[in-house]
Amino acid sequence: MKTNHWADEAAAKIIFEKGEKELYTCASGITPSGTVHLGNFREIISVELVVRALRDMGKNVRFIYSWDDYDVFRKVPANMPKQEELKNCLRLPITMVPDPWERDSSYARHHEVEVENALPIVGIYPEYLYQSQRYQSSCYAQGIRRALEKRDVLKNILDKYRDEEHKIQGEWWPVSVFCEKCNRDETEIEEWDGGWGLSYNCKLCGNKEKLDIQKAKGVKLTWRVDWPMRWEYEKVDFEPAGKEHHSSGGSFDTAKHVCKEVYNWDAPVTFRYDFIGLKGTPGKMSSSKGQVVDLPEVLKVYTPELTRYLFAGTRPNTEFTISFDLDVIKIYEDYDKTERIAWKMETAKDEAAYQKEKRIYELSQAGADVEIPSLESAQTEKQKPYQVPFRHLCNLIQIADGDIDKALTDLSGSVSTVKDKESIKQNLPALKARAQCAKYWVENCAPDDFRFRLLPAGSKAGRTLSDTEKKAVRILRDDVICKIEEFTDDKSCASAIYAAAEKAGIDGKALFNAAYQALIGKDQGPRLANFLRTINMERLLLILKDY
């Protein structure tokens, strides 16, 4: 049994606390009240990683994801279009709010579709439960009646975690009602007949009626009762929650008591996951404030495996920030090191470190209900991944003027062995996916001093070069670039560059500046030796031919 990763630890805890079962149910969910951001995704993938761990232990697992689309539309997020139109829909159930983009059947469905289309890309395939459908079809009629029967017990449980000032005052009901006439929740309960009858009046439109809970579409449990009721209904064994829900006296504390004392079901095993921030932006992500990054945006910069790696390699109760600046290069480098260790292309410091990195790598791979093959079983070289550092790939793409296919063709042409050429061919889909992320990052996220474009043939430098600098560029062209194919590595090429600087009578830094100006019109650029060895020699000579 694997227990060297936090997901494996959580899976083992589930089995220990819930005992051996034919089926374990793991749950997650969110209210689609705005953009489902990466903080929400943290819960989804945290559950999925535990689901994988359970399945790796040979267990049958049901992974459910609840769309709480029958919640009230309380606030219009700042990043939504048609603000005034949406404000007119406040207090409706979210599933009845029109889609302001006019693409889907509702505002809720629009946000659901965005997530449901993105999750398979990162290998996540939950069973979706739509709470609007469940409530409107009276699936929870028995659970609602049970809450009404145990109204006093529920009140005592909720008051247990409140100070005197915030205890429930006067008559209280564990349910709310969307008016059958105007669909708003501006209603008050008048009476429950002790059976299936519930009377209410609408303060907004004046409608009054008595509902049959077994048939009514608009009767809904309040959040702190709804959540534990569904734990029992779905027989949930595991569900994590954010730090706010896990605060002392928070919704998880009350829910576990409600679940046991009202619905006779033990609360699920859980853990707390922390916030995710955006680098350079204070505070956590917030749908209501419109201060968010969602999964599709992240996948423009990080491949599916890298996206999973961000979470598989970080304990859920650790806060971290999502970066789109130069940190992206470091994150790709960290992943590549994990991959090399996992495939034993690089030696870990000890066996424990190897097992840790290997497990993180396994859980970072996208795939639905597919056991990652044993890495030790891959004996042939062509099965191993072919790594191209993200920084180098960014340079290749810019050298190719943004043409990914040309960049990868140039990459294949630059390697000297048949084995490397075959490995690139075998790994081409993964390399192309990484290249697409590199292209997007360079064009949209990278700092200006990281970006470059090779000057056209025969053009002049970005600034006027001195005679000494022009002489240095000529010597670089004739003594280094004309012989570039003779250098077998960057070190030997760098030595030749410094020799050219000495011959020109200037220091290395001055030669670098002149070379970059002549090639890309900037004072700085990629490491010069590797840069020159990467570019086609004929292209370099054409650019520098007039010096």
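The values are calculated or read from the model by the stated rules, or taken from the named source; none is laboratory data. Here the structure is a predicted model, which means the values were calculated and not measured. Note that we place each Cβ from the backbone using ideal geometry, even for glycine, and neighbour counts take in every protein chain shown. Heads up: the accessible areas ignore ligands, DNA and RNA and are worked out on the full protein's heavy atoms, side chains in. Shrake-Rupley method; radii C 1.70, N 1.55, O 1.52, S 1.80 Å.
For first residues located in region 156-175 and farther than 21 Å from Lys220 by Cβ, partners that are polar (S, T, N, Q) and surrounded by 10 or more Cβ atoms within 10 Å (Cβ to Cβ) and lie 6+ apart or on another chain with Cβ distances below 8 Å form the pairs Lys160/Thr254; Tyr161/Thr254. The residues of region 69-96 that are closer than 25 Å to Leu221 by Cβ, part of a helix (DSSP H, G or I) and not β-branched (Val, Ile, Thr) amount to a single one, Met96. Would you point out the residue of region 189-220, among those that are open to solvent by 30 Å² or more (accessible area, probe 1.4 Å) and among the small types (Gly, Ala, Ser), that is farthest from the chain's Cα centre (by Cα)? The selected residue is Gly194.
Residues in region 428-460 that are small (Gly, Ala, Ser) and within 24 Å of His392 (Cα to Cα) were compared, and the one that is surrounded by the most Cβ atoms within 10 Å (Cβ to Cβ) is Ala438. Would you call Ile497 assigned to a helix (DSSP H, G or I), closer than 21 Å to Gly402 by Cβ and without any contact (Cβ under 8 Å) to a residue 40 or more places away in the chain? Against the criterion (assigned to a helix (DSSP H, G or I), closer than 21 Å to Gly402 by Cβ and without any contact (Cβ under 8 Å) to a residue 40 or more places away in the chain), Ile497 does not qualify. Residues in region 230-254 that are in a helix (DSSP H, G or I) and under 14 Å from Arg62 (Cβ atoms) were compared, and the one that is least open to solvent (accessible area, probe 1.4 Å) is Trp231. Tallying residues that are free of Cβ contacts under 8 Å to residues at least 60 places away in the same chain and of a type in the set (A, V, I, L, M) within region 213-270 yields 2.
Filtering region 404-427 to residues that are open to solvent by 60 Å² or more (accessible area, probe 1.4 Å) and touching a Ser or Thr at 6+ places or on another chain (Cβ under 8 Å) leaves Ser414, Lys421, Lys425.
Looking at region 67-104 only, could you name the residues that are without any contact (Cβ under 8 Å) to a residue 40 or more places away in the chain and on the phi > 0 side of the Ramachandran plot?
Lys82, Glu102
Among the residues making up region 58-98, those that are over 22 Å from the mean Cα position of the chain (by Cα), open to solvent by less than 40 Å² (accessible area, probe 1.4 Å), over 20 Å from Tyr128 (Cα atoms) and not β-branched (Val, Ile, Thr) are Phe73, Leu86, Cys89, Leu92. Condition first: among the small types (Gly, Ala, Ser), at pLDDT below 95 and not in a helix (DSSP H, G or I). Can you find one or more residues in region 61-68 that meet it? Among the residues of region 61-68, not one is among the small types (Gly, Ala, Ser), at pLDDT below 95 and not in a helix (DSSP H, G or I), which makes the answer no.
When restricted to residues that are open to solvent by 20 Å² or more (accessible area, probe 1.4 Å) and more than 18 Å from Ala118 (Cβ to Cβ), region 34-57 contains 4.
Remark: Lys470 falls outside the filter, which requires a residue to be part of a helix (DSSP H, G or I) and modelled with pLDDT of 95 or more.
The sole residue among Asp266, Asp336 that is open to solvent by 60 Å² or more (accessible area, probe 1.4 Å) and at pLDDT 95 or above is Asp266.
Quick one: in region 147-163, which of the residues that are part of a loop (DSSP other than H, G, I, E, B) and of a type in the set (Lys, Arg) is surrounded by the most Cβ atoms within 10 Å (Cβ to Cβ)?
Among those residues, the one meeting the criterion is Lys150.
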